[in-house]
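Only one structure is covered here, and it is reproduced in the block below.
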Amino acid sequence: MAEPSEPSQDRSGQRAGPSGLSIRATRVDDFEAVTRLINLPGFRAGTLRVPYQKGEHTRKWLENQSADALNIVAVLGGEIVGQAGLDRHSGRRSHAAEVGMGVHDDHRSKGIGAALLRELVDAADNWLAIRRLELTVFTDNEPAIRLYENFGFEREGIMRGYAFRAGGYADVIAMARLRG
């Protein structure tokens with residue numbers, strides 16, 4: 001089995017993320033660790049997930065991924081501390097993909113999100129010929145918004161009352177990154 005890859009370097013030659021961080025493809029046998037991750041309150045708050053997702057649902061999701069999907073995890077000290085993926089659209093939208101990602105509640109602001117996003121952008125640009133990366137982010141998630149903007153994502157609009165979260169309806173920002 002191949003060893004996990006090290007995060008790529010940024011334009012200044014610096015490693016992405018903390019020392020010892022590795023990025024690799026998500027495997028079906030990661031389902032328990034990924035389930036623990038996505039059930040964390042902070043991780044879940046940034047997604048459309050409901051509390052208490054079952055491991056069986058995660059396992060089925062990992063087993064039934066589209067051939068046009070790319071899902072990766074960040075591993076630090078043997079623990080999965082981040083998960084990210086992109087799902088390519090089909091047909092006349094095959095030039096575009098939806099991005100989703102999250103980082104462990106206890107490991108935020110350490111460069112893990114940047115390392116994950118860097119790998120997705122690299123794959124989209126250099127391996128998958130994806131021209132447009134799309135995402136939505138809750139309007140109150142300023143750290144994520146800054147991260148996305150640092151990678152060239154631009155705000156395209158606000159979707160009001162987009163999702164029910166924490167007892168009320170929350171707005172999201174639609175963002176996209178277009179490659180020439």
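The values are calculated or read from the model by the stated rules, or taken from the named source; none is laboratory data. Bear in mind that the values here come from a model prediction, so they are computed numbers and not experimental data. Cβ sites come from the backbone with ideal geometry, for glycine too, and all protein chains shown count toward neighbours. The accessibility values were calculated without ligands, DNA or RNA, using every heavy atom of the protein model including side chains. Shrake-Rupley method; radii C 1.70, N 1.55, O 1.52, S 1.80 Å.
Which percent of the accessible heavy-atom area of the chain goes to carbon and sulfur, probe 1.4 angstrom? After summing per-atom areas, the C and S share lands at 49 percent. Here the label points at residue 68 and residue 123, each 7 Å from Cα along the C-beta direction, are separated by 1.5 nm in the simple model.
Computed extension gain for residue 150 through residue 163, at 0.36 nm per residue and net of the alpha carbon distance, reaches 2.2 nm. Listed values for the range 139-153 are Karplus-derived 3J(HN,Hα) couplings in whole Hz (6.51 cos²θ - 1.76 cosθ + 1.60, θ = phi - 60°), namely 4, 8, 9, 4, x, 5, 4, 4, 4, 4, 5, 5, 9, x, 6, and x replaces Gly and Pro. The residues of the chain have, on average, 57 Å² of accessible surface per residue, using a 1.4 Å probe with all protein chains present. Each Lys or Arg adds one and each Asp or Glu takes one away; over the other residues whose Cβ falls under 13 Å from the Cβ of residue 130, this sums to 0.
For a test of the definition: using alpha carbon positions, the gyration tensor, and the 1.5 limit on a/c, classify the range 46-108 as rounded, prolate or oblate. Judged from the Cα gyration tensor, the range 46-108 comes out prolate (a/c at least 1.5, a/b above b/c).
In this label model, residue 22 and residue 132 are separated by 3.7 nm, measuring between points 7 Å along each Cα→Cβ vector. How would you classify the chain from its alpha-carbon gyration tensor, with a ≥ b ≥ c the square roots of the eigenvalues: rounded for a/c under 1.5, else prolate if a/b is greater than b/c, otherwise oblate? It comes out rounded by the Cα gyration axes.
Across the range 64-122, C-alpha contacts under 8 Å between residues 6 or more apart give a mean separation that, scaled by the residue count, equals a relative contact order of 30 percent. Structure remark: mean-square fluctuation, Gaussian network model of the chain, C-alpha springs under 10 Å; the largest value among 76, 48, 147 belongs to 48. Amide H contacts of residue 94 (H built 1.01 Å from N, in plane; Pro and chain starts excluded): no residue 5 or more places away or on another chain comes under 5 Å. The Cα atoms of the range 68-166 give a gyration tensor whose axes a ≥ b ≥ c have a/c of 1.5 or more with a/b no greater than b/c, which makes the shape oblate.
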